[in-house]
1. Is it the case that region 68-87 has a residue that's farther than 25 Å from Arg425 by Cβ and part of a helix (DSSP H, G or I)?
2. Ala159 fails exactly one of the following numbered conditions: (1) buried (at least 17 other Cβ atoms within 10 Å of the Cβ); (2) at pLDDT 90 or above; (3) out of contact with any strand residue (DSSP E or B) (no Cβ under 7 Å at 6 or more places or on another chain); (4) farther than 24 Å from Gly357 by Cβ. What is the number of that condition?
3. Any idea which residue in region 402-441 is farthest from Ala19 (Cα to Cα), counting only those that are among the β-branched types (Val, Ile, Thr) and open to solvent by 70 Å² or more (accessible area, probe 1.4 Å)?
4. Within region 181-207, restricting attention to residues that are open to solvent by 50 Å² or more (accessible area, probe 1.4 Å) and more than 18 Å from Ile296 (Cα to Cα), which residue is modelled with the highest pLDDT?
5. Scan region 245-268 for residues that are open to solvent by less than 20 Å² (accessible area, probe 1.4 Å) and β-branched (Val, Ile, Thr) and jot them down.
6. Taking the options Glu125, Glu151, Glu166, name whichever one is closer than 30 Å to Glu231 by Cα, of a type outside the set (A, V, I, L, M, F, W, C), part of a loop (DSSP other than H, G, I, E, B) and open to solvent by 20 Å² or more (accessible area, probe 1.4 Å).
7. Since Ala84 meets every condition but one in (1) open to solvent by 10 Å² or more (accessible area, probe 1.4 Å); (2) in contact with a strand residue (DSSP E or B) (Cβ under 8 Å, 6 or more places away or on another chain); (3) more than 27 Å from Leu403 (Cβ to Cβ), which condition does it not meet?
Amino acid sequence: MITVIGAGLAGSEAAWQAARRGVRVHLYEMRPVRSTAVHRTDRFAELVCSNSLRGAALENAAGLLKEELRRLGSLIMAAADANAVPAGGALAVDREGFSAAVTRALEEHPLVTIHREEVRQIPPEGIVVIATGPLTSDALAEDIRRFTGEEYLSFYDAASPIVTVESLDMTKLYRASRYGKGEGTEYLNAPMTREEYEAFWSELVRAEVATPHNPEDRNVCFFEGCLPVEELARRGPDTLRFGPMKPVGLPDPRTGREPYAVVQLRQDNAAATLYNLVGFQTGLRWGEQQRIFRMIPGLERAEFVRFGVMHRNTFIKSPRVLLPTLQTRRRPTLFFAGQMTGVEGYVESAAGGLVAGVNAARLALGQDPVVFPPETAVGALARYITEADPENFQPMNIAFGLLPPVPGSGGKRERHRRAAEAALRALEAFLPVIEPEPAGVGQEMTVSEATTARKNET
């Protein structure tokens, strides 16, 4: 038996991987008994920021990581693929359908027992996976701090606003994906003239930001991979035009020319009734968000079903605390997984949960935990968070730079393709080592449920 604390992406994946190997799992989730500042439901694997799992192509590091997870039997990827919404060259999901699929699969698995209660201390005995994420409750966070002997590192993260499609002025928007990827109609685009952009930028840099409730939070740094739009704007008048408002590859079909700047809106649910503002994560006060974002052409009367929010993320100094198996150095029966280990991103969190779940199950079955091959994206990520310089350790998305270099010449795309091929070869050779025994009937049924939960509900 193993205990998994936290039913986010990492905890859900860890519980699934252990259960599909025949190990009984007790999964603890404190919601709805105790909520957080950003969660809105009591479902597992709720996506609180973007609904995008980023690039889908193998030449993209996130795309490679997703393909590895699919081949490893990931519940998160099964649910994501089953609840995908149009997003050009990326994989985005219907939030509710995705979390419903994950929740149902775990609730109906015969080897998973769900406990809706807060865990305030690390269980002193047994095999335990802690995957409580960056919003770990204060009591458990303090116990983790005592266990690790290290102060937490912290940074601010943010989420983008979501608007209703019926409130948008479609005469001012056009449908297109950058460079025509996908069907070419997955995104709504709001073009801006130079005058419109400069007026928007001017208001954005002067807008009032929400003040953190806790005084100690006011000096926490931002994660560079997810900077608030207002912080980007303060770095210069053209920063947004080379970032989330980049017009390259998005010509307006009505003029045949690229606009001076463009705001993209991505479909957020399967019914296509909600859209989120791509790259517009923000910590502005809600009134300021409504005032300034309604300056965007087509959004003058936008109805916001969720404003952008800022929240504090915390992570442990994993290079000092964890082994590449994601076991803690001090206690081999205790694992950490997910964003609190210093990975950044949904898929990266799921990958950490998979590694911890596989190895916790192996330990429960009397087998030795394994280190995933460094040639793979999963293995490279685990290696980074456990072998990086602890004094300069910062959250990290998967990147090809974490994988060993592959011999050969050519451009970046070609090098990435070869690295992806090498990663998948290494994974295929590694799979027989960790593949579970054939699942029983009950387990096979829950795999099916994971991919059809939304259809069953409707």
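The values are calculated or read from the model by the stated rules, or taken from the named source; none is laboratory data. Note that this is a predicted model, so its numbers are computed, not measured. For neighbour counting, all protein chains shown are included, and Cβ atoms are generated from backbone atoms with ideal geometry for every residue, glycine included. When the accessible area is computed, the model is the full protein with side chains, heavy atoms only, and any ligands, DNA or RNA have been set aside. Shrake-Rupley method; radii C 1.70, N 1.55, O 1.52, S 1.80 Å.
1. Within region 68-87, one or more residues are farther than 25 Å from Arg425 by Cβ and part of a helix (DSSP H, G or I).
2. Result: Ala159 passes all but (2).
3. Within region 402-441, the match that is farthest from Ala19 (Cα to Cα) is Val433.
4. Lys181
5. Listed by number, the residues that qualify are Val262, Val263.
6. Exactly one of Glu125, Glu151, Glu166 is closer than 30 Å to Glu231 by Cα, of a type outside the set (A, V, I, L, M, F, W, C), part of a loop (DSSP other than H, G, I, E, B) and open to solvent by 20 Å² or more (accessible area, probe 1.4 Å), namely Glu151.
7. (3)
For (1) in a loop (DSSP other than H, G, I, E, B); (2) surrounded by fewer than 19 Cβ atoms within 10 Å (Cβ to Cβ); (3) touching a residue at least 60 places away in the same chain (Cβ under 8 Å), each residue gets a yes or a no:
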position	(1), (2), (3)
Leu354	no, no, yes
Val358	no, no, yes
Ala361	no, no, yes
Asp368	yes, yes, no
Phe372	yes, no, no
Glu375	yes, no, no
Tyr384	no, no, no
Glu391	no, yes, no
